[in-house]
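These notes are about the structure you will find just below.
The values are calculated or read from the model by the stated rules, or taken from the named source; none is laboratory data. This is a predicted model, so every value here is computed, not measured. Positions of Cβ are generated from backbone atoms using ideal geometry, with glycine treated the same way; all protein chains shown enter the neighbour counts.
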């Protein structure tokens, strides 16, 4: 396959598609699919980090759009949270994508690693959290918190990416008071917006490898659809278990990046 100026072997494309499928499944359940998909893209000979990040956003946008639609049909999350949060996240992601061309990712990795350790500790120490929805605020306070969270996590998604869905889920659970299943449903809507915001900016720079991104995106769509249906069928307890596993994997991966 020819993608941009790169000639990519068929075997490599097949492996990238497989990574996209697994990433889509993980991302649909709890987020964190970028932990799988982005490193796989970075292994393509000759690809630049910005091209890999942009192509990851293209594939991720396709997958999260499908999982968001699947969740919406089956869970019916309240758009009073997801819509304003998604709008703020889109703007934040666009700004983060712009910064990604200027700032090295290594600056932020130690901070993200500490945040993930705290997330894991909180989730394990509070086994009852996220079992049922019990919103902490209503009205303008709820809206303000949702918008602030969306903007902050959107900025991170545009700048770095991996773990965005995970941060969205835990924020919706721990700060706003959603169950894990409803948090995942809302997170997918917001995550689709962050991917779109970052993708728009990366497209202006000519960074996405469109042909490769569409192939990986098709596989991501299949994994996202399967993951969303499985999460809905098995409920919040299943989502919580997968969440803890994915956060643990994210911690190990970031620790390797920071200490290597």
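Couple of notes before you dig in:
- Flag for residue 241 being out of contact with any strand residue (DSSP E or B) (no Cβ under 6 Å at 6 or more places or on another chain), loosely packed, with under 15 Cβ neighbours inside 10 Å, at pLDDT below 90 and within 23 Å of residue 169 (Cβ to Cβ): yes
- Against the test of being at pLDDT 90 or above and either within 21 Å of residue 154 (Cβ to Cβ) or outside any helix (DSSP H, G or I) (or both), the options 218, 192 yield a single qualifying residue, 192.
- Among the residues listed as 63, 32, the single one being crowded, with 17+ Cβ neighbours inside 10 Å and farther than 24 Å from residue 211 by Cβ: 32
- Residue match in the range 40-50 (condition: under 30 Å from residue 140 (Cα atoms) and free of Cβ contacts under 8 Å to residues at least 60 places away in the same chain): no
- Residue match in the range 49-59 (condition: surrounded by fewer than 16 Cβ atoms within 10 Å (Cβ to Cβ), closer than 23 Å to residue 219 by Cβ and at pLDDT below 85): yes
- Screening residue 208 with (1) within 29 Å of residue 95 (Cα to Cα); (2) in a helix (DSSP H, G or I); (3) in contact (Cβ under 8 Å) with a residue 60 or more places away in the chain; (4) touching a helix residue (DSSP H, G or I) at 6+ places or on another chain (Cβ under 9 Å) gives one miss only, at (2).
- One residue from 247, 241, 232 being under 20 Å from residue 188 (Cβ atoms), assigned to a helix (DSSP H, G or I) and without any contact (Cβ under 8 Å) to a residue 40 or more places away in the chain: 241
- Index of the failed condition, residue 61 passing every other in (1) more than 20 Å from residue 170 (Cβ to Cβ); (2) over 11 Å from the mean Cα position of the chain (by Cα): (2)
- Residue within the range 7-30 that is in a loop (DSSP other than H, G, I, E, B), farther than 16 Å from residue 219 by Cβ and either in contact (Cβ under 8 Å) with a residue 40 or more places away in the chain or in contact with a helix residue (DSSP H, G or I) (Cβ under 6 Å, 6 or more places away or on another chain) (or both) present: yes
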